[in-house]
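**Q** Below: one structure in structure tokens.
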């Protein structure tokens, strides 16, 4: 299977046309893996994982979250709350008549994966969280995490942040996320009308959910991976996430930067498969 043969489909939920990639739409017997992207990415960040997992016998579903990729831009800020977005992903499973799945998430996608597994434990049997730990662990991380996440406050400044992020200065998207392996594609995509604001709105709508509200532990067997070169996240917020895992918990610290699926695809694919094949 090549990435070109993965089908892009849409479904409608809460009045929005939401897009997703499906590696085996006509094969309901394959176990399902749901892959959730973060900022500033789309479902296509998972191309290497989809290829490897499909070859190993899995059906891969990778949605574009609301306002991202080819999913419709929603009108209201509240439409981008992380808990609301997890309901979109649950609705996708319902739409496809999928009772249970594994979930893999990176960055904000990891937050969504933690929330989905915690609030719907009978639906998720394995979880792989990349870069971002359980919301409770993230909220309790120390001053080093607050400093590493300085850009979040900047992103909350609606209007000003969009203007600066589109520019060429110190606070441009190209400078803030200069380690992104596909920054030219990111800049081109987010230059489209309304798309940068839509991508930023998950920050603006979700911080109270992530930082102030109590979120449940997860029952799924969970693998948490944090990379030593991550400029945005510190080790403790992932390492300490085991306190909120009632299933088997494995923490791995690896070299490299923040975008693990893009920077270390072969290593990650092998590690995901090992985890999914565990009991």
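Laboratory data are not the source of any read-out in this text; all were calculated from the coordinates shown. The model shown is predicted, which means the values in this text are computed figures rather than measured ones. All Cβ positions, glycine included, derive from the backbone under ideal geometry; neighbour counts span all protein chains shown.
**Q** Which number in (1) within 28 Å of residue 156 (Cβ to Cβ); (2) touching a residue at least 40 places away in the same chain (Cβ under 8 Å); (3) in contact with a helix residue (DSSP H, G or I) (Cβ under 6 Å, 6 or more places away or on another chain) marks the one condition that residue 196 misses?
**A** Of the numbered conditions (1) within 28 Å of residue 156 (Cβ to Cβ); (2) touching a residue at least 40 places away in the same chain (Cβ under 8 Å); (3) in contact with a helix residue (DSSP H, G or I) (Cβ under 6 Å, 6 or more places away or on another chain), the odd one out for residue 196 is (2).
**Q** Could you list, in sequence order, the residues of region 43-53 that are crowded, with 22+ Cβ neighbours inside 10 Å and either in contact (Cβ under 8 Å) with a residue 60 or more places away in the chain or over 10 Å from the mean Cα position of the chain (by Cα) (or both)? Even if it seems obvious, please write down each step before you answer.
**A** Initial filter on region 43-53 (crowded, with 22+ Cβ neighbours inside 10 Å): 43, 45-46, 49-50, 53.
Within region 43-53, 45, 46, 49, 50, 53 qualify.
**Q** Additional query: I'd like the full set of residues that are in contact (Cβ under 8 Å) with a residue 24 or more places away in the chain and either surrounded by fewer than 22 Cβ atoms within 10 Å (Cβ to Cβ) or part of a strand (DSSP E or B) (or both), limited to region 112-132. Break it down stepwise before answering.
**A** Filtering region 112-132 down to residues in contact (Cβ under 8 Å) with a residue 24 or more places away in the chain leaves 112-121, 123-132.
Listed by number, the residues that qualify are 119, 120, 121, 123, 124, 125, 126, 127, 128, 129, 130.
**Q** Taking region 225-235 as the search range and keeping residues that are surrounded by fewer than 18 Cβ atoms within 10 Å (Cβ to Cβ) and out of contact with any strand residue (DSSP E or B) (no Cβ under 9 Å at 6 or more places or on another chain), which one is farthest from residue 211 (Cα to Cα)? Let's see the steps before the verdict.
**A** Taking region 225-235 and keeping what is surrounded by fewer than 18 Cβ atoms within 10 Å (Cβ to Cβ), we get 228-229, 231, 235.
Add one more test, that the residue is out of contact with any strand residue (DSSP E or B) (no Cβ under 9 Å at 6 or more places or on another chain), and what stays is 229, 231.
Details: 229: 24, 231: 20 Å.
Here the residue is 229.
**Q** Being farther than 21 Å from residue 43 by Cβ, in contact (Cβ under 8 Å) with a residue 24 or more places away in the chain and assigned to a loop (DSSP other than H, G, I, E, B): is that true of residue 139 here? If you could, list the steps in order and put the result at the bottom.
**A** Numbers: farther than 21 Å from residue 43 by Cβ: yes; in contact (Cβ under 8 Å) with a residue 24 or more places away in the chain: yes; assigned to a loop (DSSP other than H, G, I, E, B): no.
Here the answer is no, as residue 139 does not meet what is asked.
**Q** In addition: For region 235-252, what are the residues that are farther than 18 Å from residue 127 by Cβ and either without any contact (Cβ under 8 Å) to a residue 40 or more places away in the chain or not in a helix (DSSP H, G or I) (or both)?
**A** Here is the first cut: in region 235-252, the ones farther than 18 Å from residue 127 by Cβ are 235-236.
If the condition is that a residue be farther than 18 Å from residue 127 by Cβ and either without any contact (Cβ under 8 Å) to a residue 40 or more places away in the chain or not in a helix (DSSP H, G or I) (or both), then 235 is the only one that fits.
**Q** Evaluate the following for residue 62: is it crowded, with 19+ Cβ neighbours inside 10 Å, within 19 Å of the chain's Cα centre (by Cα), under 26 Å from residue 274 (Cα atoms) and without any contact (Cβ under 8 Å) to a residue 40 or more places away in the chain?
**A** When the stated conditions are applied, residue 62 does not pass them.
**Q** Within region 198-207, identify whether any single residue is out of contact with any strand residue (DSSP E or B) (no Cβ under 9 Å at 6 or more places or on another chain), over 23 Å from residue 84 (Cβ atoms) and surrounded by fewer than 18 Cβ atoms within 10 Å (Cβ to Cβ), and answer yes or no. Before you say what the answer is, go through the steps one by one.
**A** Within region 198-207, the first condition is being out of contact with any strand residue (DSSP E or B) (no Cβ under 9 Å at 6 or more places or on another chain), and the residues that meet it are 198-207.
If we keep only those that are over 23 Å from residue 84 (Cβ atoms) as well, we get none.
Taking every residue of region 198-207 in turn, none turns out to be out of contact with any strand residue (DSSP E or B) (no Cβ under 9 Å at 6 or more places or on another chain), over 23 Å from residue 84 (Cβ atoms) and surrounded by fewer than 18 Cβ atoms within 10 Å (Cβ to Cβ).
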